[in-house]
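The values are calculated or read from the model by the stated rules, or taken from the named source; none is laboratory data. All values derive from a computational prediction rather than experimental measurement. Heads up, the Cβs are rebuilt from the backbone with ideal geometry, glycines too, and the neighbour counts pull from every protein chain shown. The protein model used for the area step is the full one, side chains on, heavy atoms only, and it has no ligands, DNA or RNA in it. Shrake-Rupley method; radii C 1.70, N 1.55, O 1.52, S 1.80 Å.
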Amino acid sequence: MGKTFYITTPIYYVNARPHIGHAYTTLACDAVARRRRMLGFDTFFLTGTDEHGQKIQRAAEAAGKTPQEFTDEISGEFHALWQRMGITFDDYIRTTSERHKRGVQELWRRIRNHGYIYKGSYRGQYCVFDELYVDAGGPGGSCPECGRPTETVEEENYFFKLSAFTEQLLELYTSEPHFIRPESRRNEVVSFVRSGLRDLSISRSTFSWGIPVPDDPSHVVYVWLDALANYVTALGFGSEADSRYRQFWPADVHMIGKEIVRFHCVYWPAFLMAARLPLPRSIVAHGWLLFEENKMSKSRGNIVRTQTILNVLGADALRYFLLREVVFGQDGSFSFDALVQRYNSDLANGLGNLASRTLAMITRYFRGEVPYPSQTAAHTPADDSVADLAKRTIADFHFYFDQYQFSRALEAAWVLVAAVDKYIVENEPWSLAEKEDENSRARLATVLYTAAEALRIVTALAHPVIPDATGRIWSQLGLGEITKFPLATLAWGQLRLGTKLDAVQPVFPRADKSTIERMQRMEEDPTPATSTAAGTAAIESGANAAASTAGATRPAASPAVAGDGKIAIEDFAKVDLRVAEVKVAEKVKGADKLLRLEVDLGSEVRQIVAGIAEAYAPESLVGRKVVVVANLQPRRLRGLESNGMIVAASIEGGRPVLAGFLEDVPVGARLK
Ligand code: MSP
């Protein structure tokens, strides 16, 4: 059997629609998977969705859907987006699938049969958002991970003897120094485990949206044990058809965001040790993608939708930007300005320009056939330095990429792009072409061969990161299908003379200020076409649908008002007015009138941006009960998503006075 490589993304919760934070992990994995395939590995790349648990059950209730309807819809959106982005996943696991359920139950049985599960009773705090048992703080406390209020859970549960694995885990981190990358995360995990592990509750009995515990269906399996098992259930673990499991397990890499390190580096290996199954080879954690210094998340409402970038600049631009701009492992910022700047400097003016000028000159001066490089009088040290640099670039690129240092790998490749650009400028092939003597002709051939060969090398190396454009450059170079190229053999001098080029076409048209404005407009006006499953399909039909997202197609409001200005009670009933409590209030940078609020609606905490900053100091609002229009379409204000509206009277000069109650009312109560 050949060499195998198995890589996974986290499986994404379906309480939020996909955004570029999710895309970041998925496309990093896609780049790794594509490169491994080119290097000749039998590669398996898994992604999917995490669909059980209290958080999802509540999100479905809030959306007025059954959990299954709700998860089908959002899981479908993730799937459609990955397809649209050209993500080359080999399988898509859903935790609500039968194959997964079977595998989870088998894993449970094995852990139990080895004596690591016992029944006990749990009383403590739980964070539904993170689906995490919180040790510290009693009732009324907040989650150390996300700061949200915790809930008290008191129930009879099954426990996993996590404490029995302290020594074995520490031994693992020592003997396998690359088990957790980067180093900084490894150190955090080691000190967490050293500080002592408590047994973990691994079942819940007060709600039902989950996988039944074998032999005790009054409990469902704790959602993290359920979710982590996806990495083996997708391969067929627990079923007769487990040939993939035998071929690909243990995984080479679980790629994750830094906030779920503990689950992957402590709980997951401990579950596997208890079940006597092999452990994954490594867990690679990246940092967060920030938008204007904040983590992108649904509750903050500062999400950038992937569709916007795909519609305007295409998947390669996003892929290149995220892997080049963000130092993998550290947090990085996203902004449309930076995206367009990188796109222009490195793709349009960099690789794109190198490709089109080199190929156009070969077409013009050598009738589209790669010319022969001269080894004699027409040869200069400048040609050798390009060749030497290209050889070093190949080695450096592989080295950094293998360390998951994508930005350094790309930086190395683009040093070569810049060097070849300079080489072309200094050697002036266009002037050589005007001269008729033989030496100039030979020199012209050498310069263009050197440029084309360097272009071929950068194209092959960058293919896993920018697959579409490099595929086109490769075929313009007359080399056929790039994915068939055996990357491990890449070396200077492989471009054969006489290779016939294909028609030359530009790959990266330049972007300008209007490109940024278009993307910002699309983000500020999320018409259904970009934010629902139906919308994803519509966008797939191309430029027309893309243009329609820029603003023109808001559905007209239905004429509910009768001639006398009165509305029917059913019309009023459409407005979902709720009592909510303000949990967080802060000024919005650069906007004198706006406050950013997080309000608790009972079923969820939401972000609302309200124009009340001139009337209320933020600190005076925390803890106050307000009335919220809960079913208003989301809007974006200053890049922040506002999910609802606070009701206020408008008095002299438009000053707002918040509506409130004389008696105490519970959060979430409806006004009717
Ligand atoms: N369902 C769990 C994972 C279970 S894996 C067995 C979960 N899901 S999630 O939907 O919240 O996705 C978290 C992952 O999405 C992160 O670990 C990261 O890979 C990616 N990201 C989501 N938002 C992100 C950013 N803003 N920045 C970077 N990555 C982000 O946790």
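When you scan region 167-195, how many residues do you find that are outside any strand (DSSP E or B) and open to solvent by 40 Å² or more (accessible area, probe 1.4 Å)?
Narrowing region 167-195 to residues outside any strand (DSSP E or B): 167-179, 182-195.
Cutting the leftovers down to open to solvent by 40 Å² or more (accessible area, probe 1.4 Å) gives us 167-168, 171, 174-178, 182-184, 186-188, 191-192, 194-195.
Selection size over region 167-195: 18.
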| task | Keeping to region 197-216, report how many residues are open to solvent by less than 40 Å² (accessible area, probe 1.4 Å) and more than 30 Å from T66 (Cβ to Cβ). | result | 1
| Quick check: is even one residue across region 224-239 of a type in the set (S, T, Y), open to solvent by 30 Å² or more (accessible area, probe 1.4 Å) and either near the ligand (Cβ under 10 Å from one of its atoms) or without any contact (Cβ under 8 Å) to a residue 40 or more places away in the chain (or both)? | no
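Would you mention how many residues in region 447-493 are polar (S, T, N, Q), out of contact with any Phe, Trp or Tyr (no Cβ under 6 Å at 6 or more places or on another chain) and closer than 24 Å to F328 by Cβ?
2
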| Here is a list of conditions, (1) touching a Ser or Thr at 6+ places or on another chain (Cβ under 7 Å); (2) buried (at least 20 other Cβ atoms within 10 Å of the Cβ), and Y92 meets all of them except one; can you say which number that is? | (2)
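Only residues that are polar (S, T, N, Q) and open to solvent by 30 Å² or more (accessible area, probe 1.4 Å): list them for region 614-672, please.
Initially, region 614-672 is screened for residues polar (S, T, N, Q), giving 620, 631, 633, 642-643, 650.
Scanning region 614-672 gives S620, N631, Q633, N643, S650.
Considering only region 612-657, give the strands (runs of 3 or more DSSP E) lying wholly within it that have at least 2 residues that are over 34 Å from the mean Cα position of the chain (by Cα) and touching a residue at least 40 places away in the same chain (Cβ under 8 Å). Steps first, please.
Details: elements: 625-629, 635-637, 640-642, 648-651.
Here the list reads 625-629.
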| task | Kindly provide the set of residues from region 1-52 that are within 8 Å of the ligand (Cβ to nearest atom), open to solvent by 10 Å² or more (accessible area, probe 1.4 Å) and within 22 Å of E325 (Cβ to Cβ), ordered by number. | result | P10, H19, G21, H22
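Can you confirm whether L389 is in contact with a Leu (Cβ under 9 Å, 6 or more places away or on another chain), outside any loop (DSSP other than H, G, I, E, B), away from the ligand (no atom under 16 Å from the Cβ) and open to solvent by less than 60 Å² (accessible area, probe 1.4 Å)?
Numbers: in contact with a Leu (Cβ under 9 Å, 6 or more places away or on another chain): yes; outside any loop (DSSP other than H, G, I, E, B): yes; away from the ligand (no atom under 16 Å from the Cβ): yes; open to solvent by less than 60 Å² (accessible area, probe 1.4 Å): yes.
Yes.
Are any of the residues in region 440-458 exposed (fewer than 15 other Cβ atoms within 10 Å of the Cβ) and at pLDDT below 95? Lay out the reasoning, then the answer.
Here is the first cut: in region 440-458, the ones exposed (fewer than 15 other Cβ atoms within 10 Å of the Cβ) are none.
Looking for residues that are exposed (fewer than 15 other Cβ atoms within 10 Å of the Cβ) and at pLDDT below 95, one finds none in region 440-458, hence no.
Counting only residues that are assigned to a strand (DSSP E or B) and free of Cβ contacts under 8 Å to residues at least 40 places away in the same chain, how many does region 196-211 have? If you could, list the steps in order and put the result at the bottom.
Restricting attention to region 196-211, the residues satisfying the condition of being assigned to a strand (DSSP E or B) are 200-201, 203-204.
From the residues that got through so far, the ones that are free of Cβ contacts under 8 Å to residues at least 40 places away in the same chain too are none.
Here the count works out to 0.
A227 - would you say it is outside any helix (DSSP H, G or I), under 20 Å from F44 (Cβ atoms) and of a type outside the set (S, T, Y)? Reasoning before the result, please.
Details: outside any helix (DSSP H, G or I): no; under 20 Å from F44 (Cβ atoms): yes; of a type outside the set (S, T, Y): yes.
In short, no.
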| query | Residues of region 564-607 being at pLDDT 80 or above, closer than 29 Å to Q54 by Cα and not in a strand (DSSP E or B), which ones? | reply | V575, D576, L601, G602, E604
